[in-house]
Amino acid sequence: MHKYAVVGRGLIGSAAARHLAEAVDGVLCIGPDEPESRRGHDGVFGSHYDEGRMTRFVDPMEEWAATAGRSIDRYWDIEERSGITFYHPAGYLGLGYPNSTYNARCAATGNAHGVAIEQLDTVELRHRYPFIDIEDGVDGLVELGGAGYISPRNMVKAQSVLAEQAGATILRQAARTIRSVSAGVEIVLWDGSVERAEKVLVTTGAFTEACGLSPVDLGTVVFGRTIVLVKIEGDAEQALRDMPTMIDTSLGAYILPPIRYPNGCLYLKLGVGEVTDPRFTDFDGLRGWFQSDGSSKDRVRFKERMKTLFPVLQTCPDWHTDTCAVTMTRSGLPIIDYVHDDKIAVAVGGCGKGAKGSDEWGRIAAGMIRGASWSSAVDHQKLALPS
């Protein structure tokens with residue numbers, strides 16, 4: 001029997017497994033590798049099957065800012081010890097529009113923690129970022145230093161390598177069932193085999209409730225998100241060479257600079273979330289979403305917005321969409337708490353921005369399940385199971 005099992009090997013799960021393995025023996029981490037083909041895959045998926053997620057300190061919520069800052073401080077160490085590169089400090093720019101308080105709230109968290117930021121007016125924005133079509137009345141918030149983007153799939157690989165180096169066992173398949181028994185917890189795997197542990201931490205993201213892996217209702221809502229990617233070539237590659245990661249508050253979208261994908265091509269990516277996005281509660285619906293191209297309506301609208309914001313994209317003919325899913329909680333923060341006695345706990349709910357602070361969320365979850373003293377600036381009650 002293992003002492004601790006982490007079920008789910010995404011960004012938070014792989015981080016939790018690493019932190020556990022570096023502190024104690026007897027750690028098991030359960031989670032499949034990325035499937036070779038999404039279309040033909042009949043199992044679970046992970047939203048980290050991608051090359052780009054934004055990372056930055058500034059955030060409207062103090063808790064997200066603090067956890068991101070602590071995670072960013074550890075990126076270099078994780079890269080160096082694993083030998084896997086996943087972090088690219090390309091900077092951050094927030095575009096604020098009239099009646100939006102987003103930039104002001106982000107600036108407040110940055111100033112409170114001594115983060116190097118700049119606030120720009122419309123004229124300054126146009127001078128610094130000539131490749132963006134800046135409308136009148138738009139302001140900018142720039143974060144210097146550690147902001148940029150990470151490759152989520154490579155970060156999971158790096159965390160997994162370090163977890164194994166520290167003595168963790170990794171089983172590269174999914175869990176079907178988790179059940180409490182008198183001697184601990186049993187995890188039934190996809191192939192029907194059974195693993196046992198004294199305690200289990202469930203970190204299975206959007207598939208947690210769809211697969212029935214939590215013994216209680218977490219009150220989460222899983223949204224399907226459509227992302228747009230445009231292949232960057234020709235004049236666009238030179239024009240966008242200094243592009244930072246961005247938030248466009250007029251659309252509520254994040255935009256990443258050209259990133260090299262496994263096929264060797266550069267893609268600029270836009271992702272956005274709305275309350276009208278499809279919601280999923282069952283496995284078949286969620287799996288079908290990951291196998292699809294997303295919303296055709298969003299595809300048209302997001303493409304037009306990107307061409308307006310970056311006129312050089314008019315020269316780029318190759319566009320496509322992809323899908324991911326986000327798990328929203330009632331608090332707007334992850335749920336990191338026990339859900340069954342002191343044997344089954346969860347760390348679930350990235351709320352669309354869990355990647356940047358995933359190492360710290362994983363550290364918090366690992367400390368909780370092994371009974372360490374609470375050592376986070378985030379109040380434990382804010383991460384508790386909703387009543």
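Assorted remarks:
- Residues considered: Arg225, Arg196. Of these, the only one that is buried (at least 20 other Cβ atoms within 10 Å of the Cβ) and either among the hydroxyl-bearing types (Ser, Thr, Tyr) or touching a strand residue (DSSP E or B) at 6+ places or on another chain (Cβ under 9 Å) (or both) is Arg225.
- For region 205-214, the condition holds for at least one residue, the condition being that it is of a type outside the set (A, V, I, L, M, F, W, C), under 28 Å from Asn263 (Cα atoms) and in contact (Cβ under 8 Å) with a residue 60 or more places away in the chain.
- Of all residues making up region 283-325, the number that are under 14 Å from Phe45 (Cβ atoms), charged (D, E, K, R) and out of contact with any Asp or Glu (no Cβ under 9 Å at 6 or more places or on another chain): 1
- Residues within region 139-182 that are of a type in the set (A, V, I, L, M, F, W, C), under 30 Å from Ala104 (Cα atoms) and not in a strand (DSSP E or B), tallied: 2
- If the condition is being surrounded by 15 or more Cβ atoms within 10 Å (Cβ to Cβ) and either of a type in the set (Phe, Trp, Tyr) or at pLDDT below 95 (or both), then region 93-108 contributes Tyr97, Ser100, Tyr102.
- Number of positions in region 51-91 that are assigned to a loop (DSSP other than H, G, I, E, B) and hydroxyl-bearing (Ser, Thr, Tyr): 1
- Evaluated against (1) in contact (Cβ under 8 Å) with a residue 24 or more places away in the chain; (2) surrounded by fewer than 24 Cβ atoms within 10 Å (Cβ to Cβ); (3) closer than 30 Å to Gly285 by Cβ, Gly184 falls short on exactly one condition, (3).
- Among the candidates Ala90, Ala147, Ala174, residue that is of a type in the set (Gly, Ala, Ser), more than 25 Å from Glu360 (Cβ to Cβ), in contact with a Gly (Cβ under 7 Å, 6 or more places away or on another chain) and modelled with pLDDT of 95 or more: Ala174
- Here Pro35 clears all of (1) modelled with pLDDT of 95 or more; (2) not basic (Lys, Arg); (3) not in a helix (DSSP H, G or I) except the condition numbered (1).
- Counting residues in region 355-362 that are basic (Lys, Arg), crowded, with 17+ Cβ neighbours inside 10 Å and either modelled with pLDDT under 95 or farther than 17 Å from Ala17 by Cβ (or both) gives one or more.
- Selection of region 228-278 for residues being in contact (Cβ under 8 Å) with a residue 60 or more places away in the chain, in contact with a Cys (Cβ under 9 Å, 6 or more places away or on another chain) and crowded, with 17+ Cβ neighbours inside 10 Å yields Val230, Lys231, Ile232, Ala236, Ile247.
- Any hit, region 164-181, residues being among the basic types (Lys, Arg), touching a residue at least 60 places away in the same chain (Cβ under 8 Å) and either surrounded by fewer than 18 Cβ atoms within 10 Å (Cβ to Cβ) or outside the structural domain of Tyr267 (by TED's automatic domain parsing) (or both): yes
- For region 190-309, the strands (runs of 3 or more DSSP E) that sit wholly inside it and include 1 or more residues that are within 26 Å of Pro32 (Cα to Cα) are 194-202, 221-231, 253-260, 266-272.
The values are calculated or read from the model by the stated rules, or taken from the named source; none is laboratory data. All values derive from a computational prediction rather than experimental measurement. Positions of Cβ are generated from backbone atoms using ideal geometry, with glycine treated the same way; all protein chains shown enter the neighbour counts.
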